[in-house]
Amino acid sequence: MKVRDLMTTNITAANPNTPINEVARTMKELNIGVVPVCDDSNRPVGIVTDRDIVVRGLTSNMASTDPINKVMSTHVISATPDMHVHEAVRLMGENQIRRLPVVENGRIVGIVAIGDLAVTNIYEDDAGQALSEISTPSRPMM
């Protein structure tokens, strides 16, 4: 099975200059925890999670109107629509991420989440293994 068979194609992306509070509001309204950040050509330049907003934004006393590019991750791990889901699961596990933007010809076309893989019975074991790797605790910074 290919990533295109499971990915969500109706996605919302932010511009790097979109205010943090606007991205957070979008996350709340759509009940999502991640928003890709794309340039004007729909090419991913970053990704931001609800956790990024809290850990990088709120704890650094950023203003809610600061641009999302101040808290987004710029190292975007992505999948392609024709990638086999086993490869997507491997990427998620190795990089300890739960969601992968799906990029074709340099442009974002969807997103696939560990939950998308978990609901497909034939990939339950793969998704479980990836989730186990993703959930491996990191060492606390003290």
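The values are calculated or read from the model by the stated rules, or taken from the named source; none is laboratory data. Bear in mind that the values here come from a model prediction, so they are computed numbers and not experimental data. All Cβ positions, even for glycine, are placed from backbone atoms using ideal geometry, and neighbour counts span all protein chains on display.
Listed here are the residues, each with its yes/no results for (1) crowded, with 19+ Cβ neighbours inside 10 Å; (2) in contact with a Pro (Cβ under 6 Å, 6 or more places away or on another chain).
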| site | (1), (2) |
| --- | --- |
| PRO36 | yes, yes |
| ARG43 | no, no |
| ILE47 | yes, yes |
| ARG51 | no, no |
| VAL54 | no, no |
| THR65 | no, yes |
| ILE68 | yes, no |
| THR80 | no, no |
| HIS84 | no, no |
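Give the number of residues within region 1-44 that are more than 19 Å from THR65 (Cα to Cα), under 14 Å from the mean Cα position of the chain (by Cα) and in a strand (DSSP E or B).
Result for region 1-44: 2.
Tell me whether region 96-113 contains one or more residues that are without any contact (Cβ under 8 Å) to a residue 12 or more places away in the chain and within 14 Å of MET1 (Cβ to Cβ).
no
Residue-by-condition table, conditions (1) of a type in the set (Val, Ile, Thr); (2) touching a strand residue (DSSP E or B) at 6+ places or on another chain (Cβ under 7 Å); (3) within 20 Å of MET1 (Cα to Cα):
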position	(1), (2), (3)
GLU22	no, no, no
VAL37	yes, yes, no
ASP40	no, no, no
VAL55	yes, no, no
THR74	yes, yes, no
LEU91	no, yes, yes
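Please verify whether ILE77 is part of a helix (DSSP H, G or I), of a type outside the set (Lys, Arg) and at pLDDT 90 or above, treating the condition exactly as stated.
In short, no.
Look through region 1-34, keep the residues that are of a type in the set (S, T, N, Q) and touching a residue at least 12 places away in the same chain (Cβ under 8 Å), and return whichever of them is surrounded by the most Cβ atoms within 10 Å (Cβ to Cβ).
THR18
Which residue out of THR18, THR8 is touching a helix residue (DSSP H, G or I) at 6+ places or on another chain (Cβ under 9 Å), polar (S, T, N, Q) and closer than 30 Å to HIS84 by Cα?
THR8
Looking only at residues that are without any contact (Cβ under 8 Å) to a residue 12 or more places away in the chain and of a type in the set (S, T, N, Q) in region 41-82, which one is nearest to ILE114 (Cα to Cα)?
The extreme case among them is THR59.
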